[in-house]
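See structure below.
Only the coordinates and a few stated rules stand behind these numbers; no lab work does. In this text the structure is predicted, and so the values were computed from the model without any measurement. Backbone-built Cβ (ideal geometry, glycine too); neighbour counts: all protein chains shown.
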Amino acid sequence: MLRHGILNARLAGGLARLGHTHQIVIADAGLPLPYGVRGCRIVDLALVAGIPRFEQVLDAILDVVVVERAEAALESRSHPSHGWIAARLDTLSLISHEALKSRLPQTQLVVRTGESTPYANVILHCGVPF
């Protein structure tokens with residue numbers, strides 16, 4: 001039994017397989033997921049609307065992963081989700097929501113939350129701790 005960190009076995013395993021430049025998407029409950037894309041693991045944590053929250057999942061992942069840079073939707077600027085992401089990631093770039101969705105097939109890991117706030121999606125580009 002783990003003492004701390006990510007307890008979900010599928011999520012912990014997916015994170016452990018990542019390397020430098022790999023991408024993680026933390027998604028709200030409504031983002032269309034790339035099912036059937038080879039090399040893309042999807043971990044669906046959504047239980048009911050709002051659970052787990054995007055912020056909770058983002059914080060848990062940021063505790064264990066080195067992030068080189070991140071991207072979120074330009075459209076998020078007028079929603080609370082932008083503040084949640086920008087407060088935690090100082091290497092944040094903004095791209096259109098359509099561009100973000102088009103990058104999903106190149107992602108190695110997608111983590112779906114129960115979040116129902118618009119544009120609560122972020123692409124994390126993995127770095128290295130050295």
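What do you get when you divide the Cα radius of gyration of the range 34-119 by 2.2 N^0.38 Å, with N the number of residues?
On the way: Rg = 12.8 Å, N = 86, 2.2 N^0.38 = 12.0 Å.
Here the answer is 1.07, to two decimals.
Based on DSSP loop calls and a cut-off of at most 13 other Cβ atoms within 10 Å, the longest stretch of the chain free of exposed trypsin sites (Lys or Arg not before Pro) is what?
Segment 39-130 is the longest.
Identify the chymotrypsin sites (Phe, Trp or Tyr not before Pro) of the range 21-109 meeting these criteria: DSSP loop state and at most 12 other C-beta atoms within 10 Å of the C-beta.
Loop-located and lightly packed - Tyr35.
How much net charge surrounds Leu94 when only the other residues with a Cβ under 11 Å from the Cβ of Leu94 are counted, with Lys and Arg +1 and Asp and Glu -1? Kindly include the intermediate steps, with their values, before the conclusion.
Working: positive: Arg77; negative: Glu71, Glu75.
With Lys, Arg at +1 and Asp, Glu at -1, the net is -1.
Given Cα pairs under 8 Å that are at least 6 residues apart, what percent is the relative contact order of the range 24-110?
47
Report the calculated FRET efficiency for Ala99 and Met1 (r = Cβ-Cβ distance, R0 = 35 Å), to the nearest 0.05. Write down the numbers at each step before the final one.
Values: r = 41 Å, r/R0 = 1.18.
With a Förster radius of 35 Å, E is 0.25.
Which whole-Hz couplings ³J(HN,Hα) result when phi for each residue of the range 106-119 is put into the Karplus expression 6.51 cos²θ - 1.76 cosθ + 1.60, θ = phi - 60°, listed in order with x for Gly and Pro?
Once rounded to whole Hz, the list reads 8, 8, 8, 9, 10, 10, 8, 9, x, 4, 10, 7, x, 6.
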